[in-house]
Every structure is written in structure tokens, then in C-alpha cells.
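Working notes, structure below.
We did not get these values from a lab; they are worked out from the coordinates using the rules stated. Because the structure is predicted, anything quoted here is derived from the model rather than measured. Cβ: placed from backbone, ideal geometry, glycine included. Neighbour counts: every protein chain shown.
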Amino acid sequence: MAVVTRSARDTRISEKGSRGIKEALLAGPASGCNKFTVRRITLEPGGITARTGFSQTAVYFVFHGRVALSHQGDELDMLQQGDTAIVHPGEIHHLHNIEDTKSIVIKVASQ
């Protein structure tokens, strides 16, 4: 049976080290999606996510704009609309919006 979710609400993220970030849960355990979660991350101009590492694989898809992905300590990859990045478990990373307009990233993470 298909499950349709509508009007996912953005929540402002206020983790230490982050700024200008909103996030919406599009799919996850509450909607019957037990294998992974799907989130929409909106980064305002200059917005940055907290440096973090997850216990599961995360896939980031740049839906709109351009972001810098900092990972593995000092490696930096520039991602633009349509690009995908796979971040492996435990890899410390963060995203930074380098544009003058908002960027939107879709994050899919295994459970």
C-alpha cells in the first residue's frame, strides 16, 4: 500500500555550529518507511550544518543551488544542482551554502 505524505513542515535547526538551516522530514518510520529516512534541508545564504558523523550511510542530492561539502577533515567538494554525494558511516562532514540564494538538499539515510 502506498503512503502519501503532504505538506511537510520545515523546522528551524539550532544545533551548535549550525546556522540558517531548516529541515523537514518527508518520510521515515512514522510514515511506514522503516528502512530509511528522507529529509529536505533548506540552507539560507551562508547557512551551514553542524559538523557530524552518522552511524549509517547518508546520500545528499542537491535539488536547488550549490553547496560545499566538507568531509574527511579538510576535503572540500563543490556540489551543484543535480549532484549527489554519498557519505559513509562515521565520516565527519557538513554542508555550507555558498550561494546568495537558498539551497535545497534532499538527504536519504539508511536506518
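Size check on region 2-41: the Cα extents along the three principal axes, sorted descending, read 37, 21, 12 Å. Across region 68-75, coupling constants 3J(HN,Hα) worked out from phi with the 6.51/-1.76/1.60 Karplus curve, θ = phi - 60°, read 9, 9, 9, 7, 6, x, 10, 6 Hz, and Gly and Pro carry x.
For Lys35 and Ile92, the difference between the fully extended length at 0.36 nm per residue and the C-alpha to C-alpha distance is 18.3 nm.
Using the Kirkwood radius built from alpha carbon pairs, what does the Stokes-Einstein equation give as D for the chain at 25 °C and 0.890 mPa s, in µm² per second? Translational diffusion coefficient: 172 µm²/s.
For the pair Val4 and Thr84, what calculated FRET efficiency results from E = 1/(1 + (r/R0)^6), where r is the Cβ-Cβ distance and R0 = 35 Å, to the nearest 0.05?
On the way: r = 24 Å, r/R0 = 0.70.
Once rounded, the FRET efficiency stands at 0.90.
Taking a straight Cα-Cα cut-off under 21 Å and skipping sequence neighbours fewer than 8 places away in the same chain, the lysines within cross-link reach of Lys22 are Lys102, Lys107.
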